[in-house]
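Structure record follows, encoded as structure tokens.
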Amino acid sequence: MPAVRGDGMRGLAVFISDIRNCKSKEAEVKRINKELANIRSKFKGDKTLDGYQKKKYVCKLLFIFLLGHDIDFGHMEAVNLLSSNKYSEKQIGYLFISVLVNTNSELIKLIIQSIKNDLASRNPIHVNLALQCIANIGSQEMAEAFRNEIPKLLVSGDTMDVVKQSAALCLLRLFRTSPEIIPGGEWTSRIIHLLNDQHLGVVTAATSLIDALVKKNPEEYKGCVPLAVSRLSRIVTSSYTDLQDYTYYFVPAPWLSVKLLRLLQNYTPPTEDPGVRGRLNECLETILNKAQEPPKSKKVQHSNAKNAVLFEAINLIIHNDSEANLLVRACNQLGQFLSNRETNLRYLALESMCHLATSEFSHEAVKKHQEVVILSMKMEKDVSVRQQAVDLLYAMCDKTNAEEIVQEMLNYLETADYSIREEMVLKVAILAEKYATDFTWYVDVILNLIRIAGDYVSEEVWYRVIQIVINRDEVQGYAAKTVFEALQAPACHENMVKVGGYILGEFGNLIAGDQRSSPQVQFQLLHSKYHLCSPMTRALLLSTYIKFINLFPEIRTQIQEVFKQDSNLRSADAELQQRASEYLQLSIIASTDVLATVLEEMPAFPERESSILAVLKKKKPGRVPESEIKEGKSPTPASNHNNGVNTVNTAQDLLGLSTPPTSQPSGNTGVLLDVLGDVYNNKPNTINSLQDLTAHNPKKFVCKNNGVLFENDLIQIGVKSEFRQNLGRLGLFYGNKTASPLQNFLPSLVWSEEHSVKLNVQMKPVESVLEAGAQIQQTINAECIDDYIDSPSVIVAFVYNNVPQKITIKLPLTLNKFFEPTEMNGESFFARWKNLANVNQQKSQKIFKATTPMDVQTARQKLIGFGMQLLDGIDPNPDNFVCAGIIHMRTQQVGCLLRLEPNRNAQMYRLTVRSSKESVSVEVCNLLSDQF
Amino acid sequence: MMQFMLLFSRQGKLRLQKWYVAHPDKLKKKITRELITTILARKPKMCSFLEWKDLKIVYKRYASLYFCCAIEQDDNELLTLEIIHRYVELLDKYFGSVCELDIIFNFEKAYFILDELLLGGEVQETSKKNVLKAIAAQDLLQEEETPQGFFEDHGLG
């Protein structure tokens, strides 16, 4: 047993030793159970238990908990320790409370009382203990209880520095739980001026707080910029001896420097005051210069701390994106790191360069490092570093280097780790399309992709190549020739068969003149793969065959034989059976003219944004470089390559069908359309209960609180609701429309346990008989605790004329009901909007077709009804709507911003929701996107 | 902001955990298990950073112990490595060349030291001197109190 420091608890050490000596898990559990029984009896029986013993047992419980066992008692004893006059007992009490946070409200009250006493103590050690406990728990109740004391502690002249430090971070923690606790007004400037504090520890802690406050209200805290710049300037120009213990391995105050650089990234480069801007640039230059100086120590701590500051400075340079000179210097510096022997540095340099590649000032500079980056992709030992290299290649790719980069990525793909293959395939496909000047090259690349990594080629990728071939005459003959050659390989991937089948079915005639690829040969080649393929591919091939009958009448009998085979005509797969028999009949009955019309070449597809991009974004949110995301940001995304007009929901598959692509004939032949019913299509979503379909439309109530929820011949159910903060009250009104009573009347709530912890719903009982013509009211109370999806339902069961009836209705209790509208000006809206851009946002953006006329007034009404503040005159485009609101929950409040961009020409909307919590953004986006 | 810090042994035993965000116990256990497995599977010369869900994981091994921190996208990886190092230095100074056993037997001290260094997931005090001073002041308060437990402990478990 090692020496125990402080006033050791011998009993605890003995217990820990015992546990460590246990030979098996069972023995350990046994020993623990024995100890738990012992402690339980001590706590229960022994009234004379003194503080020391209590402390020891509480500490043992804590240890047991940390081993991974559940602890369901001892909280009271721990709370008792808080009021002990012995520091060591108090401290253990606080530790226990901090680790085993308990929501038991009675205890919380006691805890808060003890904390209050300690906060008032003259001994700073006691005060800090209390502050640490608040910061560790950081609950809503704590925020309420200490919203006055802590800001006072923070700015008061009497407070000791150590206490100030804790108070700053404690306040930050509470601010994260309840943003409204921060006092405004004169407090703002007092908090900002902590940046000037003498004590670097205080400044370090305060900078974190200010950073968070700025994120919420950049305008109000704008004054921090010049202070932060001058503080930073003093640090970077100081020698390492100046700052004494705040110098870390010869680097002056690295933590504070990084925080200040971070803080400045909340703002655009200071323009009002050229002096500030000049000083900031000087700081950044000094940091870049220092990177070139020889290291003051060989220790990795020195280089880490120095480079941490450097990387953060580069982040700021990239964020400002205004000084070409600095951007290029940053790029050169990172270039040096690419061949550093530290893996960590190479990883970070690749990552940082990815951002530089998207700036117009530094894009060219990044390209100079192409060779090294390609080497990294091939040679790095750590897959996460290789991944970064792939990302960077993707980001630095443009027209001039696309062929080389795509080729290198294809080469590497053959040996790439399985974990990154799928993503690489997507990237190659996107680059090849985006930068293709010659589409034969594009076709080659995609076919190579299928050859090399067929398993990782998703539907989107091969749909896309077909779409492009069909839309471009000049490449069709080449595509037919190439797929034909590719199909000759002894083993070829099923995706190749799909692409080959589709393309030959459309354009096989273009190569049929060559004896080596005569109709006969083409058909036999395809059919030789048939028996190896899945039903879906076979279905596609059958369509190719019927198209062949039109293109090459000479092989008609041969193909009819195939349709007639038992394995097709009587296939167990209904789709194959149907296709075989319909196609067979078509080929027998239809005249040549009819055949030619029905089986005409596919018309060009409408131009769309590549759906592959959407897949990539979904797969790796945050990894798709900025430039890609920007493309999706403008209201009408410029379509990728040529004169495209329409943009369609990017999440849709790009042929617009989930059936095998060939099955959609171009002619308007009703028979065939029916024949090719969408067996591969998903069933449309049905609302929970069929009988209500006509009478109950829960979507309507997302944007309104009162109205008739449901009505049929028997009953009418109306609702009135009101919401305040995180609480809601609903009145349901049941009206009996018949001339006889509704018996056994029983509404019951459908809302799972798992949901109820997030939205607690209480329903008052109602009488079990609803008299003829009568109306009764039922009250429902709801409390939003955490964010949730969907909304609760009520099943209303009753008996009418001895026939049991059941009606399911959705309650209008969607998450948006807990919105509080928030007014703000344009500047702060966009600053926040931008701040939230880092948060994963792919899932909270939707592009969708308008289902109702795009009327401005209706849209406004819906948005207001949705619960957010509609902010007028903020968006530079007057057609757009922007809104802001706060969702109130018991555990937290989530500020939420929204932008709705109508595109009248395309009859589309784009909806973007941003908040600090992804799940909230996604749900808000889902709820609202159904409304237009 | 740091979301949590975990200390675990080469055998995958969790030695210390500090959470700066509230998660249910079940989730905490799941996260811990997942990360321990992932990190122990990595080779020595590999990069100390990895992407995990929407967080960045920074880890470093000191002797038999792994120190692992989860930080947010905004946070600085290299400096997080140095937070770990500073914590190790503090433990080392306090215990006098610290080893895994010190942390097992004095886990409460390890927590107290960590609370001085980080608060609410943010760096509170980077000066080694100041942190050690605060801890020494705490110990001093304890020593002033009568060591009455000494008697009870003999004979009692």
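The values are calculated or read from the model by the stated rules, or taken from the named source; none is laboratory data. Because the structure is predicted, anything quoted here is derived from the model rather than measured. With ideal geometry, Cβ positions are generated from the backbone for all residues, glycine too; neighbour counts draw on all protein chains shown. Heavy atoms of the whole protein, side chains included, go into the accessibility calculation; ligands, DNA and RNA do not. Shrake-Rupley method; radii C 1.70, N 1.55, O 1.52, S 1.80 Å.
Out of curiosity, is A:SER376 outside any helix (DSSP H, G or I), surrounded by fewer than 24 Cβ atoms within 10 Å (Cβ to Cβ) and modelled with pLDDT under 95? Answer is no for this residue.
In segment A:747-757, the condition of being of a type in the set (D, E, K, R), under 30 Å from B:HIS23 (Cα atoms) and touching a residue at least 40 places away in the same chain (Cβ under 8 Å) is met by no residue. In segment B:44-157, counting only helices (runs of 4 or more DSSP H) that sit wholly within it, the ones holding 1 or more residues that are open to solvent by less than 10 Å² (accessible area, probe 1.4 Å) and either more than 9 Å from chain A (Cβ to nearest Cβ) or at pLDDT 95 or above (or both) span B:77-95, B:100-105, B:107-117, B:128-144.
Screening segment A:218-250 for residues that are facing chain B (nearest Cβ under 9 Å) and farther than 17 Å from A:ALA206 by Cβ and picking the one that is most open to solvent (accessible area, probe 1.4 Å) gives A:GLN244.
You will find that of A:GLY6, A:GLY11, A:GLY68, the residue that is among the small types (Gly, Ala, Ser), modelled with pLDDT under 90 and in contact with a Gly (Cβ under 7 Å, 6 or more places away or on another chain) is A:GLY11 and no other.
Residue-wise test of (1) outside the structural domain of A:PHE311 (by TED's automatic domain parsing); (2) more than 18 Å from A:ASP398 (Cα to Cα); (3) part of a helix (DSSP H, G or I).
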{"residue": "A:LEU326", "(1), (2), (3)": "yes, yes, yes"}
{"residue": "A:ALA330", "(1), (2), (3)": "yes, yes, yes"}
{"residue": "A:LEU334", "(1), (2), (3)": "yes, yes, yes"}
{"residue": "A:ASN340", "(1), (2), (3)": "yes, yes, no"}
{"residue": "A:LEU348", "(1), (2), (3)": "yes, yes, yes"}
{"residue": "A:PHE361", "(1), (2), (3)": "yes, no, no"}
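Scanning segment A:891-914 for residues that are of a type outside the set (D, E, K, R), closer than 30 Å to B:ALA22 by Cα and assigned to a strand (DSSP E or B) yields a total of 8. All of A:LEU263, A:LEU232, A:LEU280, A:LEU227 fail the test of being in contact with a His (Cβ under 9 Å, 6 or more places away or on another chain) and in a helix (DSSP H, G or I), apart from A:LEU227.
Suppose we filter A:SER166, A:SER88, A:SER98 for residues that are in contact with a strand residue (DSSP E or B) (Cβ under 9 Å, 6 or more places away or on another chain), facing chain B (nearest Cβ under 9 Å), in a helix (DSSP H, G or I) and among the hydroxyl-bearing types (Ser, Thr, Tyr); which single one remains?
Residue meeting the stated conditions: A:SER166.
Rundown of residues vs (1) over 23 Å from B:TYR20 (Cβ atoms); (2) open to solvent by less than 10 Å² (accessible area, probe 1.4 Å); (3) not assigned by TED's automatic domain parsing to the domain that holds A:LEU261, yes/no style:
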{"residue": "A:GLU144", "(1), (2), (3)": "no, no, yes"}
{"residue": "A:ASP158", "(1), (2), (3)": "yes, no, yes"}
{"residue": "A:VAL162", "(1), (2), (3)": "no, no, yes"}
{"residue": "A:ALA167", "(1), (2), (3)": "no, yes, yes"}
{"residue": "A:LEU174", "(1), (2), (3)": "no, yes, yes"}
{"residue": "A:HIS193", "(1), (2), (3)": "yes, no, no"}
{"residue": "A:VAL203", "(1), (2), (3)": "no, yes, no"}
{"residue": "A:THR207", "(1), (2), (3)": "no, yes, no"}
{"residue": "A:ASP211", "(1), (2), (3)": "no, no, no"}
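The set of residues from segment A:559-572 being farther than 16 Å from A:THR537 by Cβ, in a helix (DSSP H, G or I) and open to solvent by 60 Å² or more (accessible area, probe 1.4 Å) comprises A:GLU561, A:LYS564, A:ASP566.
Here A:GLY138 meets each of (1) open to solvent by 30 Å² or more (accessible area, probe 1.4 Å); (2) at pLDDT below 90 with one exception, condition (1). Looking at (1) in contact with a Cys (Cβ under 9 Å, 6 or more places away or on another chain); (2) part of a helix (DSSP H, G or I), which is the one condition that is false for A:GLU754? The one condition A:GLU754 does not meet is (1). If the condition is being in a loop (DSSP other than H, G, I, E, B) and in contact (Cβ under 8 Å) with a residue 60 or more places away in the chain, then segment A:176-219 contributes A:SER178, A:ASN217, A:PRO218, A:GLU219. Open to solvent by 20 Å² or more (accessible area, probe 1.4 Å) and away from chain B (no Cβ under 13 Å), is that true of A:ILE182? Judged against the criteria, A:ILE182 is a match.
Within the option set A:GLU554, A:GLU575, A:GLU582, being more than 17 Å from A:ILE466 (Cα to Cα) and open to solvent by less than 30 Å² (accessible area, probe 1.4 Å) holds for one residue only, A:GLU575. Screening segment A:29-74 for residues that are among the small types (Gly, Ala, Ser) and not in a helix (DSSP H, G or I) and picking the one that is surrounded by the fewest Cβ atoms within 10 Å (Cβ to Cβ) gives A:GLY68. Here A:THR597 qualifies as touching a residue at least 12 places away in the same chain (Cβ under 8 Å), surrounded by fewer than 21 Cβ atoms within 10 Å (Cβ to Cβ), in contact with a Gly (Cβ under 6 Å, 6 or more places away or on another chain) and in a helix (DSSP H, G or I). Would you say A:LEU131 is in contact (Cβ under 8 Å) with a residue 40 or more places away in the chain and either open to solvent by less than 10 Å² (accessible area, probe 1.4 Å) or within 14 Å of chain B (Cβ to nearest Cβ) (or both)? Answer is no for this residue. Counting residues in segment A:790-800 that are in contact (Cβ under 8 Å) with a residue 40 or more places away in the chain and open to solvent by 60 Å² or more (accessible area, probe 1.4 Å) gives zero.
When segment A:101-128 is filtered for residues that are buried (at least 20 other Cβ atoms within 10 Å of the Cβ), within 14 Å of chain B (Cβ to nearest Cβ) and among the hydroxyl-bearing types (Ser, Thr, Tyr), nothing remains. Only one of the listed residues (A:GLU771, A:GLU820, A:GLU767, A:GLU783) is assigned by TED's automatic domain parsing to the domain that holds A:LEU714 and under 27 Å from the mean Cα position of the chain (by Cα). That residue is A:GLU783. Screening segment A:8-28 for residues that are open to solvent by 20 Å² or more (accessible area, probe 1.4 Å) and assigned to a loop (DSSP other than H, G, I, E, B) and picking the one that is nearest to the other protein chains (Cβ to nearest Cβ) gives A:GLY8.
What residue, of A:ALA305, A:ALA324, is farther than 19 Å from A:GLN388 by Cα, within 14 Å of chain B (Cβ to nearest Cβ) and in contact with a Phe, Trp or Tyr (Cβ under 8 Å, 6 or more places away or on another chain)?
Going through A:ALA305, A:ALA324 in turn, just one is farther than 19 Å from A:GLN388 by Cα, within 14 Å of chain B (Cβ to nearest Cβ) and in contact with a Phe, Trp or Tyr (Cβ under 8 Å, 6 or more places away or on another chain): A:ALA305.
Within segment B:1-27, can you find the residues that are more than 10 Å from chain A (Cβ to nearest Cβ) and either assigned to a strand (DSSP E or B) or open to solvent by less than 40 Å² (accessible area, probe 1.4 Å) (or both)?
Passing the criteria: B:MET2, B:GLN3, B:PHE4, B:MET5, B:LEU6, B:LEU7, B:PHE8, B:SER9, B:GLY12.
Residues in segment A:441-461 that are touching a residue at least 40 places away in the same chain (Cβ under 8 Å) and open to solvent by 10 Å² or more (accessible area, probe 1.4 Å): 5 in all.
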